[in-house]
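So the structure is just underneath, and the comments pick up after that.
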Amino acid sequence: MRRIIRAITAIICLPLLYFAAGFVGAIIPGKHADLPQGTDVLIGLARAPIHYDFLLPMSPELRARYGFAESAGVPVQALQAEWLLVGWGSEAFYTTAGSYGDMKPGAVWTAITGDKAVLHLDVAGDVSGVDGIEYLTLSEAQYAALLASLDANFQRDQTGAPLPLPARFNDHDAFFAANGHFSLLYPCNAWLGETLRAAGVPFGIWTPTPQAVELSLRWHEGAPL
């Protein structure tokens, strides 16, 4: 009976400890690139059920930069596309779970224990009325660093082209093989924080949950470089 009680206690306490550690990691500042701050470019962080994605404003330069995604089914050249969505996560889980209802035990277990990473690209139109989007302003230097950091995440073939995967959620998105390794200690939200710090944005050292991302945004808002 004692073993059962200890097992139940561990099942209850471990997730609570994980979330608590995420809140601590959100408050502790991580090392970020020394870049001038500014308000040249507005980007968004779009919240999904369990993670955040980047929303990048479409421009002729961004359409050209991500032109490779057109052949994979992402209409980056479409005039209706006002934003490019970029996300990162576990291949087994991310490519199969569009919602909580799609979660499969095997994919969840693979994500928890460690998995290959993938990048997800999609487009969006007018998002002014969409809830759950946090907006940040970056300088030109910060935005260039952000794009360079995202570029470095793509696995590429011998010609330098990103490697598309067959999985997709709709008729205007695509997944690509990514560098890095997903795990419980380095999930998608922690990757997002690392990418922001690479762009010179003050952010928490470890933000594994959406709640930790939100806290880090509030806590470090306006923090000097």
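The values are calculated or read from the model by the stated rules, or taken from the named source; none is laboratory data. Keep in mind that this is a model prediction, so the values were computed, not measured. Please note: Cβ atoms are built from the backbone with ideal geometry, for glycine as well, and neighbour counts cover all protein chains shown. Just so you know, the surface numbers come from the protein's heavy atoms only, side chains and all, with ligands and any DNA or RNA stripped out. Shrake-Rupley method; radii C 1.70, N 1.55, O 1.52, S 1.80 Å.
Any chance the stretch 15-32 includes a residue that's under 17 Å from Asp173 (Cα atoms), part of a loop (DSSP other than H, G, I, E, B) and of a type outside the set (Val, Ile, Thr)?
no
So which pairs qualify, if the first residue must be in the stretch 45-67 and without any contact (Cβ under 8 Å) to a residue 12 or more places away in the chain and in a helix (DSSP H, G or I), the second must be open to solvent by 60 Å² or more (accessible area, probe 1.4 Å) and polar (S, T, N, Q), the Cβ gap must be under 9 Å, and the two must be at least 6 apart or on different chains?
Gly67/Gln77
Of all residues in the stretch 68-80, which are surrounded by fewer than 16 Cβ atoms within 10 Å (Cβ to Cβ) and assigned to a helix (DSSP H, G or I)?
Listed by number, the residues that qualify are Glu70, Ser71.
If we keep just the residues of the stretch 137-158 that are touching a strand residue (DSSP E or B) at 6+ places or on another chain (Cβ under 7 Å) and among the polar types (S, T, N, Q), which is farthest from Phe68 (Cα to Cα)?
Thr137
Could you check the stretch 106-225 for strands (runs of 3 or more DSSP E) lying wholly inside it with 2 or more residues that are at pLDDT below 95 and open to solvent by 20 Å² or more (accessible area, probe 1.4 Å)?
173-182
Restricting attention to the stretch 171-185, which residues are touching a residue at least 24 places away in the same chain (Cβ under 8 Å) and either over 15 Å from Gly87 (Cα atoms) or of a type in the set (Gly, Ala, Ser) (or both)?
If the condition is that a residue be touching a residue at least 24 places away in the same chain (Cβ under 8 Å) and either over 15 Å from Gly87 (Cα atoms) or of a type in the set (Gly, Ala, Ser) (or both), then Asp171, Ala174, Ala177, Ala178, Gly180, Ser183, Leu184 are the ones that fit.
Any residue in the stretch 119-148 that's hydroxyl-bearing (Ser, Thr, Tyr): show its pairings with residues that are crowded, with 19+ Cβ neighbours inside 10 Å at Cβ separation under 8 Å, as long as the two are six or more apart or on different chains.
Hits for this filter: Tyr135/Ile43; Tyr135/Gly44; Tyr135/Leu45; Thr137/Ile43; Ser139/Leu35; Ser139/Gly200; Tyr143/Ile43; Tyr143/Ala199.
Between Leu35, Leu42, Leu84, which is in a strand (DSSP E or B), closer than 21 Å to Val201 by Cα, open to solvent by 30 Å² or more (accessible area, probe 1.4 Å) and modelled with pLDDT of 95 or more?
Answer to the selection: Leu42.
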